[in-house]
Amino acid sequence: MDKNELQAWEYKCIQEEPPRCTSGCPIHVDARLFLKQAGLGRWDEALKTLAKTMPFPRILGRICDHPCETVCKRGDVEQPIAIGTLERICVETAHEKVKGVILGRKQTTVAVIGSGLSSLTAAWDLLRKGYQVTLFEPGQRLGRNLWDYPEAVLPPAVIAEELSILESIGATIELSCNISETDYISNLRETFDAVFIGLDSPGLNCTALEQNENGIIQCDSLTKATSLDGVFAGGNVSKVGCSSPIFAVLDGRRAATSIDRYTMNSSMSNGRELEGPYTSRLYTNTGGLAPLPRISPADAINGYTPEEAHLEAERCLQCECLECVKVCLYLDRYKGYPKKYARQVFNNEYVMHGRARTKNLFVNSCSNCGLCATVCPNNFHVGEMMLQARKTLLKGNFMPPSFHEFALQDMAHSNGEHFSLSSHEPGKDSSAWLYFPSCQLCSTSPGEVEASYGYLRENLDGGVAIMLRCCGAPAYWAGREDLFREAQDVIRQEWEKLGKPPVITACSTCRSLFQDQIPDMETHTLWEIVEKHGLPASSSPCGSKTISITDPCMSRHDGETQASVRRITQSLGFSVEELSLSGDKAECCGFGGLMFNADKGMANDVIQHRTTIIDPPATSLYRTEVKEHDYLAYCAMCRDNLVAGGKRTSHLIEHLFPTVPGNDPAGRGWISWSERRANRAGVKQAILRERGLNGVTALEDYEKIALLMTPEVRRKIDERRILEADIKKVIDHAERTGKRLQSARNGLFRTYLQSENVTFWVDYTPAESGFTVHNAFCHRMKIVGIKL
């Protein structure tokens with residue numbers, strides 16, 4: 001990821017965009033933070049928040065015409081927050097003194113004519129930047145029309161106290177000035193480095209400046225520059241026919257910014273597009289927002305009590321987006337949002353050079369399911385960003401092999417001699433169709449795959465070929481473009497050899513990758529064919545039972561398949577109760593993106609949240625939904641992962657092509673990776689036997705070893721991604737060489753064997769019918785100097 005790519009990713013994420021109340025405020029007061037502090041009764045903190053952008057907050061907080069309220073998000077569904085009223089409560093309640101903090105004093109001098117809000121703001125801002133400012137006021141006191149407000153609204157003592165701050169931070173104030181002299185402005189310009197004119201100053205002689213037909217000084221709307229070099233003007237601001245205090249402040253602030261740039265010979269217009277009110281890009285979802293009417297004060301004259309102010313401030317939605325975080329445990333777990341994550345990925349690549357293991361884990365823990373992009377208003381696909389980061393880590397040799405090695409080895413097994421097969425239907429030398437059931441479905445439902453192949457051959461004319469392979473998804477998710485391209489190329493070659501027939505898949509991942517990578521390949525789903533040609537005679541109607549369908553994340557953009565599955569499910573007699581996250585918002589099961597391999601803890605938590613009703617921590621935004629009744633999947637890994645988490649889940653193929661009549665598909669337990677490989681091999685052997693071929697290969701000596709394990713040990717070693725074949729090799733090596741240690745305490749033998757990059761350790765004891773395995777673990781360290 002280079003800097004341009006980082007900026008493109010950052011722009012897509014709108015979480016850091018200001019809420020509408022802030023962007024709609026001419027001076028961008030952080031109203032969201034202010035309301036949060038007000039809701040907590042922290043009025044001194046709230047005043048500080050106002051003072052960050054608001055000059056003379058104890059004045060403006062009382063008289064601001066609060067345009068922020070007109071764009072308040074709460075106002076989309078009911079009355080907006082009474083921000084103006086709460087600002088008044090704040091400045092009347094807070095005890096904190098507003099201090100004018102200034103930068104180092106400069107030699108540059110600025111004259112400010114008048115003391116209306118625009119002039120006062122220009123002086124305030126320039127003084128704080130270190131300029132030497134002199135105010136020229138034709139009247140006998142500062143403040144102009146501020147003194148015209150009723151005392152109940154703006155007490156004179158408040159005006160005097162607030163404006164006294166100007167002198168305390170270095171302003172020179174000259175009162176009773178004769179500003180009607182012909183050359184008054186020109187003379188000031190000769191004396192001062194820049195001049196600001198408050199257009200609400202009465203009696204000003206403006207003959208030196210260009211004016212419009214109404215005698216008002218012409219100035220640029222953004223920079224406030226006039227026709228005379230170094231002279232700026234503002235403050236004659238009207239809003240809906242009346243004077244607007246906050247827009248007068250904006251004029252003064254714009255002029256101060258321009259003067260600052262002018263005196264430093266910088267561009268006065270560049271980078272100022274977001275000055276003043278603008279429409280924020282921030283999206284805040286108000287769906288399901290509970291009605292909460294505006295609080296009406298019990299005492300209309302004196303206004304809100306502290307409790308009423310607290311309740312009104314609490315109506316604030318605290319606008320933010322975080323739509324992706326709400327539906328993704330991974331994004332929620334790392335306590336950030338996509339824009340922040342993009343920076344972390346960039347820093348990991350270009351600052352840490354991939355050496356930060358925690359960030360590498362972060363990059364590889366994403367499931368790449370795409371739910372984030374679906375719910376994001378700007379289609380920010382975190383998975384795509386993380387996939388690109390994985391490729392970068394691989395290119396720089398920073399990718400730890402352990403993250404993906406097991407999954408890639410399993411893919412190699414599926415594409416090796418034990419499983420891979422491409423063949424026409426027996427007795428045919430051409431095919432009108434090709435069945436690609438998927439490696440994982442063959443792993444978990446071998447009998448059902450064989451039965452579904454028979455169904456297709458019975459119902460489709462022209463012959464149905466079969467191809468047993470892995471589509472390459474593990475390599476794709478791992479960022480291994482070389483292995484993925486190789487897997488896809490072999491599939492294309494085999495497909496072309498079979499005559500390029502339309503392909504029938506029973507896996508959404510396979511179909512999605514084929515559509516993306518082999519666009520000329522026509523694909524259909526097994527469910528589409530079943531719906532068209534009718535339920536198999538062997539299918540098992542359920543009676544009337546309610547289930548929830550868990551859509552695979554890779555079917556997210558395949559609404560036709562999702563609809564077809566639901567129609568078939570209803571034809572079987574099921575009543576479907578939808579999950580809140582289904583269809584185009586389907587959740588990942590923890591397998592996609594190789595999450596299960598790179599970050600088992602995260603994958604287990606995903607499964608746990610999807611299968612168990614959990615009260616999430618208060619700090620968590622992530623919410624999912626768990627139904628009490630059974631789930632039905634049409635993805636092999638979804639089914640197996642949910643079952644492993646304790647949720648009764650069946651696969652659609654088990655209802656359509658049951659291998660054991662009357663069996664409860666949802667009652668089947670988890671299946672180990674060793675069993676998965678054996679089942680794949682069994683599917684190939686069955687197909688070869690039908691063709692009169694011997695599909696069984698001779699066993700090596702170590703494969704003849706019988707292992708005895710308790711269910712707990714079997715589950716533990718499977719979670720550690722240790723295959724029974726690995727254990728057999730270790731025991732076989734120990735028994736042949738005698739390289740083993742025996743515990744004097746319990747009699748267990750312990751031995752190890754290094755296989756490629758991994759060292760396997762096994763605790764075992766000989767048994768009458770084989771070997772009892774008590775424990776097994778593995779690591780990536782090489783053993784040096786130990787003699788067994």
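The values are calculated or read from the model by the stated rules, or taken from the named source; none is laboratory data. What you are looking at is a predicted structure, and each value in this text was computed from that prediction instead of being measured. No Cβ is skipped: glycine too gets one built from the backbone with ideal geometry, and neighbour counts run over all protein chains shown. Quick note on the areas: whole protein, heavy atoms, side chains included, nothing else; ligands and nucleic acids left out. Shrake-Rupley method; radii C 1.70, N 1.55, O 1.52, S 1.80 Å.
For the reader, a short list of remarks on this structure follows.
- Among the candidates 89, 83, residue that is under 23 Å from residue 283 (Cβ atoms) and either more than 27 Å from the chain's Cα centre (by Cα) or not aromatic (Phe, Trp, Tyr) (or both): 83
- Scanning the range 209-224 for residues that are open to solvent by 80 Å² or more (accessible area, probe 1.4 Å) and among the basic types (Lys, Arg) returns no hits.
- Per the conditions (1) modelled with pLDDT of 95 or more; (2) within 23 Å of residue 440 (Cα to Cα), the sole criterion not satisfied by residue 497 is (2).
- Considering 739, 728, the condition of being in contact with a helix residue (DSSP H, G or I) (Cβ under 8 Å, 6 or more places away or on another chain) and open to solvent by 70 Å² or more (accessible area, probe 1.4 Å) is satisfied by 739 alone.
- Hits in the range 665-715 - residues which are within 38 Å of the chain's Cα centre (by Cα), under 29 Å from residue 572 (Cα atoms) and either of a type in the set (A, V, I, L, M, F, W, C) or open to solvent by less than 70 Å² (accessible area, probe 1.4 Å) (or both): 665, 666, 667, 669, 670, 671, 676, 679, 680
- Elements of type helices (runs of 4 or more DSSP H) contained in the range 28-95, each with 2 or more residues being touching a Phe, Trp or Tyr at 6+ places or on another chain (Cβ under 7 Å): 43-53, 83-93
- Test for residue 361: is it modelled with pLDDT under 90, open to solvent by less than 60 Å² (accessible area, probe 1.4 Å), in a helix (DSSP H, G or I) and among the hydrophobic types (A, V, I, L, M, F, W, C): yes
- Residues that are assigned to a loop (DSSP other than H, G, I, E, B), within 15 Å of residue 112 (Cβ to Cβ) and among the β-branched types (Val, Ile, Thr) within the range 147-183 comprise 169, 179, listed in sequence order.
- Selection from the range 48-84 of residues that are free of Cβ contacts under 8 Å to residues at least 24 places away in the same chain and open to solvent by 30 Å² or more (accessible area, probe 1.4 Å): 52, 75
- A single entry from 303, 252 fulfils the requirement of being under 24 Å from residue 57 (Cβ atoms), at pLDDT below 95 and in contact with a helix residue (DSSP H, G or I) (Cβ under 9 Å, 6 or more places away or on another chain): 303.
- Any chance residue 97 is open to solvent by 20 Å² or more (accessible area, probe 1.4 Å), under 28 Å from residue 44 (Cβ atoms), free of Cβ contacts under 8 Å to residues at least 12 places away in the same chain and not hydrophobic (A, V, I, L, M, F, W, C): yes
- Residue within the range 396-411 that is farther than 30 Å from residue 649 by Cβ, of a type in the set (A, V, I, L, M) and under 33 Å from the mean Cα position of the chain (by Cα) present: yes
- The residue of the range 623-664 that is farthest from residue 572 (Cα to Cα), among those that are part of a loop (DSSP other than H, G, I, E, B), in contact with a Pro (Cβ under 8 Å, 6 or more places away or on another chain) and open to solvent by 10 Å² or more (accessible area, probe 1.4 Å), is 623.
- The residue that is nearest to the chain's Cα centre (by Cα), among those in the range 109-146 that are among the charged types (D, E, K, R) and assigned to a loop (DSSP other than H, G, I, E, B), is 129.
- Scanning the range 736-768 for residues that are closer than 17 Å to residue 783 by Cβ and not β-branched (Val, Ile, Thr) yields a count of 15.
- Scanning the range 260-276 finds no residues that are at pLDDT below 95, among the acidic types (Asp, Glu) and over 30 Å from residue 13 (Cβ atoms).
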